[in-house]
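Chemist: I'd like to ask you about the structure that follows.
The values are calculated or read from the model by the stated rules, or taken from the named source; none is laboratory data. All of these numbers come straight from a predicted model, not from anything done at the bench. All Cβ positions, glycine included, derive from the backbone under ideal geometry; neighbour counts span all protein chains shown.
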Amino acid sequence: MDAPAYIARRTARSEFFDVRGLRYHAHVWGDASLVTPERPTLLMMHGWMDVGASFQFVVDALAADRHVVAADWRGFGRSEPPPGTDAYWFADYLGDLDALVDRLSPAQPVDLLGHSMGGNVVTIYAGVRPERIRRLVNLEGFGLPQTKPSQAPKRYASWLDELKTAQRLRDYASLDEVAARLRQNNPRLPPDRAAWLAPHWARQDTASGRWIIQGDPAHKRANPVLYRVEEVLACWARITAPMLWVQGRETDVAKYWGDRYPLAEFEERLKTVPRVEKILIDAAGHMLHHDQPQVLAAHIERFLDAP
């Protein structure tokens, strides 16, 4: 892929944190000297099979400098997986996030943003620890379809079967192939951004020379615990921070869930959150932070800086 070079407007530095015994990696822009009560640390949490570097384009589009931290979830990017792990548990993301917030801003609330899986985690967290969040931004963290207890036996059986099956992620011969895969996943991603993101999304194996996705293959295994909507909404109802919900106009939820979870059902759930501003971004799909970073950054900055 003969892509032009994307030049980052703001250069991130890598920092590592001890999070519940794991070595957590984060991209960090700015520093604590930029933090004020009106402009606290902005913590960004990525989605499934993504990395914290994915937010570079949005951070570049912010008008003002601020302290921004984009962490890699456990087992993604350069954050360690738990030793010997063969499965991931949703509650651990909440535990990791709580430890990160305490580490980054022990004395005051943070502004918290999450995309997709990260959006689901941060929105639940904002109801569990409402005093720790000043502003909340959810980028297409829809949650999951309603489940029934009768689904539990089959779900547990699937999980047990998957534990006996090796999980693998495809590897690639070159960074150009990685960038091409990123654009296959999201055709709206411009070539220069795909080329910039590729070495953050994958690493080169020293033995084979091939490029390997920086995600633990164990993430592919099904979660054996059913998604309990009533519990999630009980957390959402306790959110005290204003929340900005952002969605791409071209996102098609039927692509993920068919008729099991229509958009109208999510919109009913969203009414549980006490204070929500909803934004729809044109010419953007699920990866809206890649598709329209300038538009998204303008909405985020306006929301965070509002009185």
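Chemist: One residue is enough: does the range 143-155 have a residue meeting the conditions crowded, with 19+ Cβ neighbours inside 10 Å, under 22 Å from the mean Cα position of the chain (by Cα) and not in a strand (DSSP E or B)?
Modeler: So far as the range 143-155 goes, yes, one or more of its residues are crowded, with 19+ Cβ neighbours inside 10 Å, under 22 Å from the mean Cα position of the chain (by Cα) and not in a strand (DSSP E or B).
Chemist: Being closer than 29 Å to A194 by Cα, surrounded by fewer than 16 Cβ atoms within 10 Å (Cβ to Cβ) and in contact (Cβ under 8 Å) with a residue 60 or more places away in the chain narrows it down to one of W89, W48, so name that one.
Modeler: W48
Chemist: Does V246 satisfy being closer than 27 Å to V58 by Cα, in contact with a strand residue (DSSP E or B) (Cβ under 7 Å, 6 or more places away or on another chain) and in a helix (DSSP H, G or I)?
Modeler: Taking the combined requirement at face value, the residue does not satisfy it.
Chemist: In contact with a Lys or Arg (Cβ under 7 Å, 6 or more places away or on another chain), surrounded by 17 or more Cβ atoms within 10 Å (Cβ to Cβ) and part of a loop (DSSP other than H, G, I, E, B) - does that describe any residue in the range 278-285?
Modeler: yes
Chemist: Condition first: in contact with a helix residue (DSSP H, G or I) (Cβ under 7 Å, 6 or more places away or on another chain) and crowded, with 21+ Cβ neighbours inside 10 Å. Can you find one or more residues in the range 159-181 that meet it?
Modeler: yes
Chemist: Looking at V28, V35, which is the one that is within 23 Å of H289 (Cα to Cα), surrounded by fewer than 24 Cβ atoms within 10 Å (Cβ to Cβ), touching a residue at least 40 places away in the same chain (Cβ under 8 Å) and among the aliphatic types (A, V, I, L, M)?
Modeler: Just one listed residue meets the conditions, V28.
Chemist: Quick check on this structure: which one of Q214, Q294, Q204 is free of Cβ contacts under 8 Å to residues at least 12 places away in the same chain and over 17 Å from V121 (Cβ atoms)?
Modeler: Testing whether each residue is free of Cβ contacts under 8 Å to residues at least 12 places away in the same chain and over 17 Å from V121 (Cβ atoms) leaves just Q204.
Chemist: For R193, indicate whether it is within 25 Å of the chain's Cα centre (by Cα), basic (K, R) and buried (at least 16 other Cβ atoms within 10 Å of the Cβ).
Modeler: Taking the combined requirement at face value, the residue satisfies it.
Chemist: If we keep just the residues of the range 231-273 that are over 17 Å from R135 (Cα atoms), small (G, A, S) and out of contact with any Gly (no Cβ under 9 Å at 6 or more places or on another chain), which is surrounded by the fewest Cβ atoms within 10 Å (Cβ to Cβ)?
Modeler: Checking each candidate, the answer is A264.
Chemist: If R132 meets every condition in (1) over 17 Å from A297 (Cα atoms); (2) in contact (Cβ under 8 Å) with a residue 60 or more places away in the chain apart from one, which number is that one?
Modeler: Unmet for R132, out of (1) over 17 Å from A297 (Cα atoms); (2) in contact (Cβ under 8 Å) with a residue 60 or more places away in the chain: (2).
Yes/no per residue for (1) basic (K, R); (2) at pLDDT 95 or above; (3) closer than 28 Å to A207 by Cβ:
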site: K148; (1), (2), (3): yes, yes, no
site: Q151; (1), (2), (3): no, yes, no
site: A166; (1), (2), (3): no, no, yes
site: Y172; (1), (2), (3): no, yes, yes
site: Q184; (1), (2), (3): no, yes, yes
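Chemist: Here's another thing I want to ask about it. Quick one: which residue in L304, L263, L244 is hydrophobic (A, V, I, L, M, F, W, C), free of Cβ contacts under 8 Å to residues at least 24 places away in the same chain and farther than 30 Å from A157 by Cβ?
Modeler: Of the residues listed, the single one that is hydrophobic (A, V, I, L, M, F, W, C), free of Cβ contacts under 8 Å to residues at least 24 places away in the same chain and farther than 30 Å from A157 by Cβ is L263.
For (1) over 26 Å from P190 (Cα atoms); (2) hydroxyl-bearing (S, T, Y); (3) at pLDDT 95 or above; (4) assigned to a loop (DSSP other than H, G, I, E, B), each residue gets a yes or a no:
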{"position": "H27", "(1), (2), (3), (4)": "no, no, yes, no"}
{"position": "F55", "(1), (2), (3), (4)": "no, no, yes, no"}
{"position": "V58", "(1), (2), (3), (4)": "no, no, yes, no"}
{"position": "D65", "(1), (2), (3), (4)": "no, no, yes, yes"}
{"position": "V69", "(1), (2), (3), (4)": "no, no, yes, no"}
{"position": "S79", "(1), (2), (3), (4)": "yes, yes, yes, yes"}
{"position": "P83", "(1), (2), (3), (4)": "yes, no, no, yes"}
{"position": "Y93", "(1), (2), (3), (4)": "yes, yes, yes, no"}
{"position": "V101", "(1), (2), (3), (4)": "yes, no, yes, no"}
